[in-house]
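Undergrad: Dumping the structure here so I can ask a few things about it.
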Amino acid sequence: MMHHLVIAPIALPMLFACLLMLERSVLPHRRRMLALIGTTLQLVVAVTLLVMTRDGTIWTYQLGEWHPPFGIVLVLDRLAAYMVIISTLLGAAAMLYASNGQDAKGTNFHALFQFQLMGINGAFLTGDIFNLFVFFEILLIASYALLLHSGGRKRTLAGMHYVILNVAASSFFLIAAGTLYGTLGTLNMADLAVKVTHVTERQQGLVEAAALMLMAVFLLKTAILPLHFWLPRAYAAAPGSVAVIFAIMTKVGVYSLLRVYTLIFGDQAGNIAHFAHQWLWCGGIATIAVGALGVFSSPDLRIQISYLTLVSVGTMVAALGMGSVDSYSAVLFYLPHTTFITAGLYLVAEAIGRQRGRAGTRIVKSRRLRQPYLLGTLYFVGTLAILGIPPFSGSIAKVMILTTAHGYQAAWLWGVVLLSTLLGLVSMSRAGTTIFWRAGQDASTRGALLNWRTGGAAIALLSVALLIPLFAYPLSAFTHDIVAQLAAPGHYVEAVLGQAPSLGEAVQ
Amino acid sequence: MEAIFSATIGILTACGIFMMLRGRTLPIVLGMSLMTFATNLFLFSMGRLRIGADGLVGSKLGSIDPVPSALVLTAIVIGFAMTAFVMILAIRARADLGSDHINGSRRKSRHDHRSDPLELDESRGGKR
């Protein structure tokens, strides 16, 4: 009975999205109630899934009792449960924020939002490369519509770039999946992990090409140099509640990289093992550098936060490129911190933009904010946390990543990360000083105040800055457990295929 | 047969990528469609090309692998949906930006950077 819960993070949002599309009343309250019920149920399910995986059990769910490797299979291990709870919490915060009126600015906001959650959760749970593609498409098409929510020139412009790049990436994903199927004869990830150990000399080139194409697609989702150009514009143009849920979209890419390159092309893959690491490492370091320069040169607070997102995904991908168990664990520790704090900062930035009238979020001298102390405090906490200044969450997370670097990698990573932090600190201080202190005497009279919904969402997201340091030990113990499970792909394969795999010995 | 088939895929992909690198939205949409065709053909051929083989299991001539056909069906459906969406978005962009250039019209966008780089003010941004 319990194993049916594995599909709930996909089925529940789909059910509620369909109900929300049927609900055509003019008043938004009923849609909000429905969305609220859906989100609450998803939270309950996500917590249950997390508890179910605590002892290290890997749950599988075969759709329609079609056995793998032929049928579609969902796999719930610790990593999937961890990602699902992060996306659900983020979804709840975005829902709370949107229900203040942003949802009524366009049509079908809540339904699209549920589809988006469905796609994200599906990508975390699927055990099949082709279904990963399908769930990517679901989350993308929902995100295209959400990005354009409530319209406007700049959103159309950013949306156009975002959509075209992602459609092109989808073609590449299909070619990569097709090549994998053509050479290895399967698309099930566990089965691929077994088959890849028996690759012949002739097939090796094709498999490597497919794996590299797959990596290019994931790196586009993660926004790694040189595939990052879409991100600052798209994220800065998105409405606040959508920007919140977009904060996890780059992490879907990080998750896919982690899953595919530990399970399929991990230690046991023989000649093709670890070929990805050098690419990830170089791309990550270059992205941190470009992101830091972007933060330094942004004329607008929201673009600045988008570049901070780039710096953080760069840090994560570089740490993935180091390829040690400890660095994976540090990445998973860093992931919720950067997701929640960036999301919170987008909400703060939107509130600032609303209260400053014509100046918006541009970093120029302008009128006083209506709530300078509340917004100032939130900005202060969020900025220091994302840059990694003690005592907030970023400092612990960054130190964990930095300490896992060794040799020449340590020199590069320490140098680039610390310099990027310095640049970020300088430019974020400049932005904060201009917005909060170099303001005129008269406060603006228009513009929405933060109320319990909008302010509550922002405070809840930014409270992670203090919660992670408080609960650092349990969290890092859990990320270590996750990585211990990832480091032994034999168990995953056994859970999915139901047999003791031949790669078991090679793992340890 | 293999040579013709692979040449077709190659030419379609090359044309698709060339068109996608253009600056206007309509050629880009066409390029995307060509790219989708090429991808579908490619996926289709992953079950190996055979003449006269049966689509069902158990025929005398031997059967082809049914999985690529299933994958192609899914890919075609998703491809159609995406193309339709991009087409609508391109028309919308033409109306919103007053130009079918992918970056909006040059002159207007420079003017825009002076006044409001992001147009995040929803009271003005939401007009249609």
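Undergrad: Per residue of segment A:49-58, in order, report the coupling 6.51 cos²θ - 1.76 cosθ + 1.60 (Karplus, θ = phi - 60°) as ³J(HN,Hα) in whole Hz, putting x for Gly and Pro.
TA: Residue by residue, segment A:49-58 yields 4, 4, 5, 4, 9, 4, 7, x, 5, 9 Hz.
Undergrad: Something else now. Evaluate the Debye formula for segment A:1-77 with equal point scatterers sitting on the alpha carbons, no solvent, and hand back log10 of I(q)/I(0) at q = 0.23, 0.24 Å⁻¹, in q order, two decimals.
TA: Listed by q, the Debye log ratios stand at -1.01, -1.06.
Undergrad: Does segment A:208-260 classify as rounded, prolate or oblate by the C-alpha gyration tensor (a ≥ b ≥ c root eigenvalues; a/c under 1.5 gives rounded; else a/b over b/c gives prolate, otherwise oblate)?
TA: Oblate shape, in that a/c is at least 1.5 and b/c is the bigger or equal ratio.
Undergrad: Going from the alpha-carbon gyration tensor of segment A:270-373, what semi-axes, largest first and in whole Å, does one get by taking the root of 5 times each eigenvalue?
TA: That gives 36, 15, 7 Å for the three semi-axes.
Undergrad: Right, another one. Pairs of lysine in the protein assembly as shown with Cα under 15 Å and at least 8 positions apart or on different chains: total?
TA: 4
Undergrad: Which one of A:F478, A:A397, A:A243 has its Cα pushed farthest toward the positive end of the charge dipole of chain A, where Lys and Arg give +1 and Asp and Glu give -1 at the Cβ?
TA: The residue sitting farthest along the positive end of the dipole is A:A243.
Undergrad: Nearest 5 is fine: what % of DSSP beta bridges in the protein assembly as shown come out antiparallel, could you say?
TA: Percentage antiparallel, nearest 5: 75.
Undergrad: Could you compute Rg(Cα) / (2.2 N^0.38 Å) for segment A:1-131, with N its residue count?
TA: Compactness ratio reported: 1.10.
Undergrad: When you have a sec, figure out the Kirkwood radius of segment A:285-433 from all distinct Cα pair distances and drop it here in Å to one decimal?
TA: Result for segment A:285-433 stands at 15.6 Å.
Undergrad: Still on this structure: For A:180-188, what's the mean count of beta carbons from other chains sitting within 10 Å of each residue's beta carbon?
TA: Mean partner shielding for this stretch: 3.
Undergrad: Taking a quarter of the surface of the Cα convex hull of segment A:376-496, what do you get in nm²?
TA: It is 11.8 nm².
Undergrad: Follow-up question, since we're still on this one. Based on the alpha-carbon gyration tensor of segment A:419-464 and its eigenvalue square roots a ≥ b ≥ c, which shape applies: rounded if a/c is under 1.5, prolate if not and a/b is larger than b/c, or oblate?
TA: Note, shape of segment A:419-464 comes out oblate.
Undergrad: Going by amide H atoms built from the backbone, whose H comes under 5 Å of the H on A:D300, apart from near neighbours?
TA: A:I363
Undergrad: For A:L96, what charge total do you get from the other residues with a beta carbon under 12 Å from its beta carbon, if Lys and Arg give +1 and Asp and Glu give -1?
TA: Local net charge: +1.
Undergrad: Return the average number of partner chain Cβ atoms within 10 angstrom of each residue Cβ along peptide B:36-46.
TA: 4
Undergrad: Per residue of B:8-18, count partner chain C-beta atoms within 10 Å of its C-beta, then hand back the mean as an integer.
TA: 1
Undergrad: Could you line up B:L43, A:L206 from fewest to most neighbouring Cβ atoms inside 10 Å?
TA: With the sparsest Cβ surroundings first, the list reads A:L206, B:L43.
Undergrad: Most exposed first by the Cβ proxy, i.e. fewest other Cβ within 10 Å, how do B:H101, A:H274, A:H4 rank?
TA: A:H4, A:H274, B:H101
Undergrad: Taking the beta-carbon count within 10 Å as an exposure proxy, list A:S420, A:S366 from fewest neighbours to most.
TA: Exposure proxy ranking, most exposed first: A:S366, A:S420.
Undergrad: Using +1 on the beta carbon of Lys and Arg, -1 on that of Asp and Glu, and nothing else charged, what's the dipole of the protein assembly as shown about the Cα centre, debye to 20?
TA: 3200
Undergrad: Still on this model: Would you kindly derive the ³J(HN,Hα) couplings of segment A:155-170 from the backbone phi angles with the Karplus curve 6.51 cos²θ - 1.76 cosθ + 1.60 (θ = phi - 60°), listing them in order in whole Hz, with x for Gly and Pro?
TA: Coupling constants for segment A:155-170: 5, 4, 5, 5, x, 4, 4, 4, 5, 5, 4, 6, 5, 4, 4, 4 Hz.
Undergrad: Still on this structure, please answer the following. How do the peptides B:1-9, A:435-443 rank, highest first, by the average count of neighbouring beta carbon atoms within 10 Å per residue?
TA: A:435-443, B:1-9
Undergrad: While we're here: Under the rule a/c < 1.5 gives rounded, and otherwise a/b versus b/c splits prolate from oblate, where does the protein assembly as shown land using the Cα gyration tensor?
TA: Judged from the Cα gyration tensor, the protein assembly as shown comes out prolate (a/c at least 1.5, a/b above b/c).
Undergrad: I would also like to ask the following. Which of the peptides B:27-40, A:137-150 is most tightly packed, and how do the rest follow, going by the mean number of other Cβ atoms within 10 Å of each residue?
TA: Ranking the peptides B:27-40, A:137-150 by packing returns A:137-150, B:27-40.
Undergrad: Per-residue ellipticity at 222 nm for chain A, helices alone: DSSP H runs ≥ 4 residues times -39500 (n - 2.57), over residue total, nearest 500 deg cm²/dmol?
TA: -23500 deg cm²/dmol
Undergrad: Here's another thing I want to ask about it. Which residue, A:A209, A:A80, A:L413, has the largest displacement toward the positive end of the dipole of chain A when charges sit on each Cβ (Lys, Arg +1; Asp, Glu -1)?
TA: Farthest towards the positive end: A:L413.
Undergrad: If the only charges are +1 at each Lys and Arg Cβ and -1 at each Asp and Glu Cβ, what is the size of the charge dipole of segment A:376-508 around the Cα centre, to the nearest 20 debye?
TA: Dipole magnitude for segment A:376-508 comes out near 680 debye.
Undergrad: Where nothing but the Cβ of Lys and Arg (+1) and of Asp and Glu (-1) is charged, how large is the charge dipole of segment A:240-378 around its Cα centre, in debye to the nearest 20?
TA: For segment A:240-378, the charge dipole is close to 1040 debye.
Undergrad: Give me the net charge for the shell around B:D100: Cβ to Cβ below 10 angstrom, other residues only, Lys and Arg +1, Asp and Glu -1.
TA: Neighbour charge sum, excluding B:D100 itself: +2.
Undergrad: Hey, if you put +1 on the Cβ of every Lys and Arg and -1 on every Asp and Glu Cβ in the protein assembly as shown, which of A:L422, A:V493, A:V325 ends up farthest toward the positive end of that dipole?
TA: A:L422
All of the numbers you see were taken from the coordinates with simple rules; none came from a lab. All figures in this text were calculated on a predicted structure; none of them were measured in a lab. Ideal geometry is used to build each Cβ from the backbone, glycine not excepted, and the neighbour counts take in all protein chains shown.
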